[in-house]
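Novice: After the structure tokens below, expect a handful of questions from me.
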Amino acid sequence: MNIIHASSMERLLRCPGSLKAEEGLPDIKSDAADSGTKIHNALRLLFQDMKPDEAEKVCQLNDRELSVAKWFFNVAKKEIEKHGGAARLYPEFKFPDESDGFTGTADLVVRCNDSAVLLFDWKTGYGKQLTADKNLQLRTYAVLTAETFGCISVLAYLFSVGNAVEDSAFSCSEYGPDEIAESKKELYAIKTKCLQPDAPRITGKEQCQWCKASGNPERCPESMEFKKQISNALAIRTPLTPSMRKQCADIYDQIKAFEKAAKNFKQLVKDELHNDPNSLPGLRLEPAESVRKITNPEKVFEIGVSNGWFSQTDFVSKVITVKIGELVKLVKANLKVTQKEATETVNSGLSNANALKFEEKEPSVERVEL
């Protein structure tokens, strides 16, 4: 029997051929994965009644990891208490491999005193946050939970950190009989495509990022071409080729992710050098130039006119700048009108005096799921 892990469902949806391509290959190691493992272990211990300071020591958590674990634990406990508390807790519950070809390990399953069954999944890495109803891995766990625990309804929670600990959030989706039935159809449709002898390998950021076969010329030569296209696209000097056009959305996503990662890394370097100027060989922290800032414009006007620095006309025509938003606020407050009326008044008055021009902003590029 072909066993499919819930954690790979999102990738298999996008690239059915990756199931066979990565078969037998070792897991991908990374600092982010190691950090996630420590947080998951800490949460398992916390839900087994270990004290936070003991879990911190056992799992060797850093400040970020400890903050994430505590936030997830405390918020999850509140959700459990809404259902009368826990009758049984199942941290890191391993679903049986014979469960019709799907398996995985749920981070936490809870049977509550009001008979509700709660399912929790912790997402501890950086990146965009998904809602519970859009996460295919969680949906797979919901189906397995309903089958394994014999319940007709599952409350599935997705906890995620995003790009910063302070952005931590959670969402919940209820899977009743209809939702579970529809989810089963979806899972089996994906499984059927994956098991086809000619299941296609389709490259892209989401599916290639954590695929074990990505970059392996024998298992997935398509991924080699994809990585080459991304590398070439980072220094585009010619018009987009037809092949590059197909990958533009994923390339754009990766460039945005790189820009954000670069910004975060620069800040880490600055913080490190600020704490210890000699901690990073080859780098030093240059002192910032002082910036002059006027704190009382009205006083400046009085001093300038009285001392002959400038005339009133010179000051008004060359120095004063007015933000359109602030002007609208003043008109709204002084004339006692609505925001819309204030905007229309300002636009009309300034346009009639040739004191207003409209400039179009640069359009932004947005990612659209196909």
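The values are calculated or read from the model by the stated rules, or taken from the named source; none is laboratory data. Note that the structure is predicted; figures quoted are calculated from it, not measured. Glycine gets a Cβ as well: all are built from the backbone with ideal geometry, and neighbour counts include every protein chain shown.
Novice: From the list 318, 299, pick out the single residue that is of a type in the set (D, E, K, R), more than 30 Å from residue 162 (Cα to Cα) and modelled with pLDDT of 85 or more. Break it down stepwise before answering.
Specialist: Numbers: 318 fails: modelled with pLDDT of 85 or more.
The conditions single out 299.
Novice: Could you list, ordered by first residue, the pairs with Cβ atoms under 7 Å in which the first is in segment 291-305 and exposed (fewer than 11 other Cβ atoms within 10 Å of the Cβ) and the second is part of a helix (DSSP H, G or I), at least 6 apart or interchain?
Specialist: 294/300
Novice: Restricting to segment 50-98, count the residues that are more than 26 Å from residue 114 (Cβ to Cβ), touching a residue at least 40 places away in the same chain (Cβ under 8 Å) and out of contact with any helix residue (DSSP H, G or I) (no Cβ under 8 Å at 6 or more places or on another chain).
Specialist: 2
Novice: Are there helices (runs of 4 or more DSSP H) fully within segment 140-255 with at least 1 residues that are touching a helix residue (DSSP H, G or I) at 6+ places or on another chain (Cβ under 8 Å) and modelled with pLDDT of 90 or more? List them.
Specialist: 177-194
Novice: Residue 81 fails exactly one of the following numbered conditions: (1) exposed (fewer than 13 other Cβ atoms within 10 Å of the Cβ); (2) modelled with pLDDT under 95. What is the number of that condition?
Specialist: Among (1) exposed (fewer than 13 other Cβ atoms within 10 Å of the Cβ); (2) modelled with pLDDT under 95, residue 81 violates only (2).
Novice: Take residue 92 and decide whether it is in the same structural domain as residue 140 (by TED's automatic domain parsing) and at positive phi.
Specialist: On the way: in the same structural domain as residue 140 (by TED's automatic domain parsing): yes; at positive phi: yes.
Yes: the conditions hold for residue 92.
Novice: Restricting attention to segment 197-221, and to residues there that are among the basic types (Lys, Arg) and touching a residue at least 60 places away in the same chain (Cβ under 8 Å), which single residue is surrounded by the fewest Cβ atoms within 10 Å (Cβ to Cβ)? Give the steps one after another, and end with the answer.
Specialist: Step one: list which residues in segment 197-221 are among the basic types (Lys, Arg), which gives 201, 205, 212, 219.
Next, only the ones that are touching a residue at least 60 places away in the same chain (Cβ under 8 Å) stay: 201, 212, 219.
On the way: 201: 21, 212: 18, 219: 21.
The selected residue is 212.
Novice: Evaluate segment 128-139: report whether one residue or more is surrounded by fewer than 18 Cβ atoms within 10 Å (Cβ to Cβ) and either part of a helix (DSSP H, G or I) or more than 14 Å from the chain's Cα centre (by Cα) (or both).
Specialist: Yes, segment 128-139 contains at least one residue that is surrounded by fewer than 18 Cβ atoms within 10 Å (Cβ to Cβ) and either part of a helix (DSSP H, G or I) or more than 14 Å from the chain's Cα centre (by Cα) (or both).
Novice: How many of the residues in segment 265-279 are more than 20 Å from residue 64 (Cβ to Cβ) and in contact with a helix residue (DSSP H, G or I) (Cβ under 8 Å, 6 or more places away or on another chain)?
Specialist: Of the residues in segment 265-279, the ones more than 20 Å from residue 64 (Cβ to Cβ) are 277-278.
In the following step, the residues that additionally are in contact with a helix residue (DSSP H, G or I) (Cβ under 8 Å, 6 or more places away or on another chain) were identified as none.
Residues flagged as more than 20 Å from residue 64 (Cβ to Cβ) and in contact with a helix residue (DSSP H, G or I) (Cβ under 8 Å, 6 or more places away or on another chain) within segment 265-279 amount to 0.
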